[in-house]
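First up is the structure itself, then whatever we jot down about it.
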Amino acid sequence: MATKHPQARPANPRFSSGPCAKIPTFSLDLLADAPLGRSHRAKVGKEKLNAAIETTRDILGIPADYKIGIVPASDTGAVEMAMWSLLGARKATMVAWESFGAGWVTDVVKQLKIDADVKTADYGQIVDFADIDFNTDVVFTWNGTTSGVRVANGDAIPADREGLTICDATSAAFAMDLPWDKLDVTTFSWQKVMGGEAAHGIIVLSPRAVERLESYTPAWPLPKIFRMTKGGKLIEGIFKGETINTPSMLAVEDYLVALEWAQKIGGLPKLIERSTTNAKVLWDFCDRHDWIANLAEDEATRSNTSVCLKFTDDRIKDGAAFAKAVAKKLEDYNVAYDVGAYRDAPAGLRVWCGATIEAADVEALTLWLKWAFEECIAEQ
């Protein structure tokens, strides 16, 4: 017999892990100042792009001597730019515990064919950073978007390392406290914690990364959209708003609006607090129910943005089919969109809890999640 579903639904059912929910105050009217139909190389375009760079620096506390650039192709483009431009000068270490990290391993080992140690961990676990040789160039994700597992802190990264650290921080930036002194290259996209529109990425370079760029030329040819130097010198304009290719000024305006919202609510501390509060609703829900659990096995490495969940009830006959049925039921009732686990990840759910999400919506979701679980169990 069907059970009665909860009455209250989340006000915003958008729990996708990318593109993520817009800021709570979003309205298309907020984009009215976008310089549409104007060149991004005109004064107004450069000013907008530079404002995006410097406001990002201000909110994230990025050091003044670090370079910040807006680059093509979202976080993927930023990571590829970093790997193709910087790797090959010394041995590399590739670290992966989820889908995107595994993708970077493939690029480096099979495409660039760089001498690299590969260290992996299963979904729900993380590689022990104490076992990594940071005299090599190390590539890793800070937060595994598809596994819900994050680096607890940067303590294991030595200050006197000889290699570079290249960190994909796309679902960590604006929701986690990143140790900039331990990160030589950091990449992320607007579409995650800030809920911005897709297709644009950010790359952050430490002075050590800039020195590598200016002193090392890779053995392979670099596409134009990857080139950050000319004549052995950094192209400074990239890091002042002179983008490599044409950006969407509408997307830039949308990012500026999100950054302004972040400043108004209290900056990075408040963004981290909101994300953690949202995630804790799910963490506590798992603690109260024995049929669902956090995919992350260690509390210290649980993500506070992309919270990945697994069903643990012995009555479930087909884990993948069951998880899809629950996700479909939540979507059919307009309760939660796009919460199925990533295609390469273990069967389960993935709920975005970044700062643009409201805790009350996560609370409402948990009531429906319990209902959908019981419905799907009865329908097996």
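By accessible area of protein heavy atoms, probe 1.4 Å, what ranking do ARG90, ARG14 get, highest first?
Accessible-area ranking of ARG90, ARG14, largest first: ARG14, ARG90.
State the percentage of accessible surface on region 48-133 attributable to carbon and sulfur atoms; use a 1.4 Å probe and exclude ligands, DNA and RNA. C and S fraction of accessible area: 46 percent.
So how strong a dipole does region 245-375 carry about its Cα centre when Lys and Arg Cβ are +1 and Asp and Glu Cβ are -1, to the nearest 20 debye?
On the way: 15 positive and 22 negative charges, 19 e Å.
Here the size comes out at about 100 debye.
Projecting label points 7 angstrom from Cα along Cα→Cβ for ALA359 and ARG41 puts them 5.0 nm apart. Using a probe of 1.4 Å, the accessible surface attributed to ASP117 totals some 70 Å² when neighbouring protein chains are kept in position. Which of the listed residues, THR187, VAL210, GLY163, is farthest toward the dipole's positive end in region 154-216, when Lys, Arg count +1 and Asp, Glu count -1 at the beta-carbon? About the Cα centre, the residue reaching furthest to the positive side is THR187. Over the residues of the chain, the helix contribution to mean residue ellipticity at 222 nm works out to -10500 deg cm²/dmol, using -39500 (n - 2.57) for each DSSP H run of at least 4. For region 294-380, the spherically averaged projection of the C-alpha convex hull amounts to 6.0 nm².
For a test of the definition: using alpha carbon positions, the gyration tensor, and the 1.5 limit on a/c, classify region 331-380 as rounded, prolate or oblate.
Taking the square roots of the gyration eigenvalues as a ≥ b ≥ c, region 331-380 is oblate.
Amide hydrogen proximity for GLY163: with H placed 1.01 Å from N in the peptide plane, the residues at 5 or more positions away or on another chain lying under 5 Å are ASN135, THR136.
Across region 92-178, the relative contact order, built from alpha-carbon pairs under 8 Å that are at least six residues apart, equals 32 percent. What FRET efficiency comes out for LYS317 versus THR277 if R0 is 56 angstrom and r is the Cβ-Cβ distance? Round to the nearest 0.05. In this case the efficiency is close to 0.95.
A crude spin-label estimate for the pair GLN263 and GLU374, with each label 7 Å from Cα along the Cβ direction, gives 4.9 nm.
Within region 159-304, what whole-number % of the accessible surface is contributed by carbon and sulfur, with the 1.4 Å probe and all protein chains included in the calculation?
Values: 2920 of 5770 Å².
Roughly 51 percent, rounded to a whole number.
A simple rule links phi to the HN-Hα coupling: the Karplus curve 6.51 cos²θ - 1.76 cosθ + 1.60 with θ = phi - 60°, which for region 57-71 gives 4, 5, 5, 7, x, 6, x, 4, 8, 8, 9, 10, x, 9, 10 Hz, with x for Gly and Pro. Can you tell which of ILE316, ALA296, ALA279 lies farthest toward the positive end of the dipole of region 235-354, using +1 and -1 charges on the Cβ of basic and acidic side chains (Lys, Arg; Asp, Glu)? Sorting the options by dipole projection puts first ILE316. Going out from 0 in 10 Å bins, what whole percent of all Cα-Cα distances in region 19-70 drops into each bin? Taking all Cα pairs of region 19-70, the binned fractions are 20, 38, 37, 5 percent. Under a 5 Å amide H cut-off, with hydrogens placed 1.01 Å from N, SER306 pairs with CYS353 among residues at least 5 apart or on other chains. Output the Kirkwood hydrodynamic radius of region 226-380, Cα pairs only, in Å rounded to one decimal. By the Kirkwood definition, the hydrodynamic radius is 18.2 Å.
Using the 1.4 Å probe convention, the accessible area of the chain works out to 42 Å² per residue with neighbouring protein chains retained.
A simple charge model with +1 on the Cβ of Lys and Arg, -1 on the Cβ of Asp and Glu and nothing else charged puts the dipole of the chain at about 1080 debye relative to its Cα centre. The mean sequence distance of close C-alpha pairs (under 8 Å, at least 6 residues apart), as a share of the length of the chain, puts its relative contact order at 26 percent. Once C-alpha pairs closer than 8 Å and six or more residues apart are averaged by separation and normalised to the residue number of region 33-148, the relative contact order reads 24 percent.
Once the Cα gyration tensor of the chain is diagonalised, what are the square roots of 5 times its eigenvalues, in whole Å and ordered largest first, as equivalent ellipsoid semi-axes?
Values: eigenvalues 262, 132, 55 Å².
So the three semi-axes of the chain are 36, 26, 17 Å.
Cross-link candidates for LYS328: which lysines have Cα within less than 22 Å, leaving aside residues fewer than 8 places away along the same chain? In chain and number order, the partners are LYS4, LYS310, LYS317, LYS370. Applying the Karplus relation 6.51 cos²θ - 1.76 cosθ + 1.60 with θ = phi - 60° to region 370-380 yields 3J(HN,Hα) values of 5, 5, 5, 4, 5, 4, 5, 4, 5, 8, 5 Hz, where x marks Gly and Pro.
Here the gap between VAL118 and ALA152, fully extended at 0.36 nm per residue and compared with their Cα-Cα distance, gives a gain of 10.2 nm.
How many times 2.2 N^0.38 Å is the alpha carbon radius of gyration of region 266-339?
1.26
Looking at the chain, the DSSP beta bridges with both ends there are about 60 percent antiparallel.
In region 167-241, inverting the average of 1/r over every pair of distinct C-alpha atoms gives 13.9 Å as the Kirkwood radius. For the chain, the longest principal axis of the alpha carbon atoms and the long axis of helix 319-332 meet at an angle near 90°.
When region 55-123 is described by a simple charge dipole with +1 on each Lys and Arg Cβ and -1 on each Asp and Glu Cβ, the residue from THR55, ALA96, VAL109 located farthest towards its positive end is VAL109.
With the alpha-carbon atoms as the only input, what is the per residue convex hull volume for region 3-151 in Å³? The partial results should precede the final answer.
Numbers: hull volume 31.5 nm³, N = 149.
So the per-residue Cα hull volume is 211 Å³.
Its Cα centre serving as origin, region 1-157 has a Cβ charge dipole (Lys and Arg +1, Asp and Glu -1) of approximately 760 debye. Using θ = phi - 60° in the Karplus curve 6.51 cos²θ - 1.76 cosθ + 1.60, the 3J(HN,Hα) couplings for region 351-357 round to 10, 6, 10, x, 5, 7, 8 Hz; x is entered for Gly and Pro.
The values are calculated or read from the model by the stated rules, or taken from the named source; none is laboratory data. Note that the coordinates shown come from a computational prediction; the quantities given were computed from them, not determined experimentally. Cβ atoms come from the backbone with ideal geometry, glycine included; neighbour counts cover every protein chain shown. Quick note on the areas: whole protein, heavy atoms, side chains included, nothing else; ligands and nucleic acids left out. Shrake-Rupley method; radii C 1.70, N 1.55, O 1.52, S 1.80 Å.
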